[in-house]
Amino acid sequence: MEHFIWDASPTIFAFGPLQLRWYGVLFVGSFFLGLLILTKIYKREGKDPAQLDAMLIYAMAGTVLGARLVHCLFYEPDFYLSHPLEILKVWKGGLASHGGLAGVLIAFYIFSRRYNTPYMWVLSRTAIAGTVIAASVRIGNFFNSEILGLPSDKPWAIIFVKVDMIPRHPVQHYEAISYLMMFVLLVTIYRKVTPAFATKIIPGVFLVTMFTTRFVLEYFKTRQAAYTIDLPFTTGQMLSVPYIIVGIVWIVWALKSSAKDMKDDKASLN
């Protein structure tokens, strides 16, 4: 069976030691795409889009710092604890999405306090843009021939020549498509429910769908971390579980809170 062969260069062009790579373009470009999405949301809800320039800086800083630290401390702790200066060399690669989200949550909390914007409102609206950013990052991983899938004989399996000649699950595509489907889901919720309920429910839906997807797709990936013991789950799965639990609790809270608000509104009318 013939399979698609991927042998494209991850570098767009190089000038001496300087390189422009597809991953970097997609990573940075996705934040500006997210900025356009949020600009429409801000205008739709009568908010000042001028705040978004600052939000972009907070988001990028939180993502890179959180993603880098979690990758170094959870995926390759032995190496980075022995060579701490290597943690600063982000350009060599190594970013964990779980840490990226944690960093963003902290950064947005600081942003919401600095610009007097409700934290929950910020989280719910940026979650919509976050799905597009996550999809773009996975396409960047595809260009880098990284985050590889397990060997597969499926007709859509891909051979990453820069790694080996084994057909593999294109898990980067699986994730990217899943995140774009999440984008459609969150936009639908945002447009169909009241703004107050969207603020409550969207973050929970984002956490559950995002990290359930991560948990399931880990079964199709090669392991990314070095293990000293035989664990039943990958590092990615174990890091996903807390987010899934928080997301479920968040959704239950949102539903109960909204039901209580409706009951109180009816009581006040009577």
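The values are calculated or read from the model by the stated rules, or taken from the named source; none is laboratory data. Owing to the predicted nature of the structure, the values given are computational and were not obtained by experimental measurement. Here the Cβ is made from the backbone with ideal geometry for all residues, glycine too, and neighbour counts use every protein chain on show. Ligands, DNA and RNA are stripped out before the accessible areas are found, and what is left, the full protein with its side chains, is counted by its heavy atoms. Shrake-Rupley method; radii C 1.70, N 1.55, O 1.52, S 1.80 Å.
Remark: for residue pairs K40/K89; K43/K200; K47/K192; K192/K221; K192/K260; K89/K200, the C-alpha separation exceeds 28 Å in K40/K89; K192/K221; K89/K200. Each Lys and Arg Cβ is given +1 and each Asp and Glu Cβ -1; about its Cα centre, the range 137-192 then shows a dipole of about 300 debye. Protection proxy ranking of 106-115, 213-222, 129-138, 3-12, by the mean of other Cβ atoms within 10 Å over each peptide's residues and highest first, is 129-138, 213-222, 106-115, 3-12. Put a dot 7 Å past the Cα of V184, heading toward its Cβ, do the same for L105, and the two dots end up 2.8 nm apart.
An oblate overall shape is assigned to the range 79-194, the ratio a/c of its alpha-carbon gyration tensor axes (a ≥ b ≥ c) being 1.5 or greater and a/b not exceeding b/c.
Accessible surface for the chain, divided over its residues, is 55 Å² per residue with a 1.4 Å probe. Per-residue Karplus couplings for the range 192-207, computed as 6.51 cos²θ - 1.76 cosθ + 1.60 with θ equal to phi - 60°, are listed in order as 9, 10, 5, x, 5, 6, 4, 4, 7, 8, 4, x, x, 4, 4, 4 Hz, Gly and Pro entered as x.
Packing-based ranking of 141-154, 247-260 yields 141-154, 247-260, ordered from highest to lowest mean Cβ neighbour count within 10 Å. Give me the one-decimal nm value for the distance between modelled label points at T194 and L73, 7 Å along each residue's Cα-to-Cβ direction. Each label point lies 7 Å from its Cα, and together they span 4.0 nm.
Alpha-carbon geometry of the range 1-96: the Rg and the Dmax are 18.0, 56 Å, given in that order. Modelled spin-label separation between K40 and A61, with each label point placed 7 Å from Cα along the Cα-to-Cβ direction: 2.9 nm.
In this structure, the amide hydrogen of R21, modeled 1.01 Å from its nitrogen in the peptide plane, lies closer than 5 angstrom to those of I12, counting only residues at least 5 positions away or on a different chain. Derived scalar couplings between HN and Hα for the range 232-242 equal x, 10, 7, 4, x, 5, 5, 6, 7, 4, x Hz in order, rounded to whole Hz, by the Karplus curve 6.51 cos²θ - 1.76 cosθ + 1.60 (θ = phi - 60°), x for Gly and Pro. Only alpha carbons enter this Debye calculation for the chain, each as an equal point scatterer, and the log10 of I(q)/I(0) it gives at q = 0.07, 0.10, 0.14 Å⁻¹ is -0.29, -0.57, -1.07. Averaging the sequence gap over all C-alpha pairs within less than 8 Å and six or more residues apart, then dividing by the number of residues, gives the chain a relative contact order of 20 percent. Among beta bridges identified by DSSP and lying wholly in the chain, the antiparallel ones come to about 75 percent. Each residue of the range 18-31 was assigned a 3J(HN,Hα) from its phi angle through the Karplus curve 6.51 cos²θ - 1.76 cosθ + 1.60 (θ = phi - 60°); the sequence is 7, 10, 10, 10, 4, 4, x, 5, 5, 5, 5, x, 5, 5 Hz, with glycine and proline shown as x. How big is the gap, in Å, between the Cα center of the range 1-58 and the Cα center of the range 137-204? Distance between centres, Cα-based: 16 Å.
Rolling a 1.4 Å probe over the protein heavy atoms of the chain, with every protein chain left in place, gives an accessible area that is 70 percent carbon and sulfur.
Residues whose amide H falls under 5 Å from that of K221, counting only those 5 or more places apart or on a different chain, are L150, with hydrogens built in the peptide plane.
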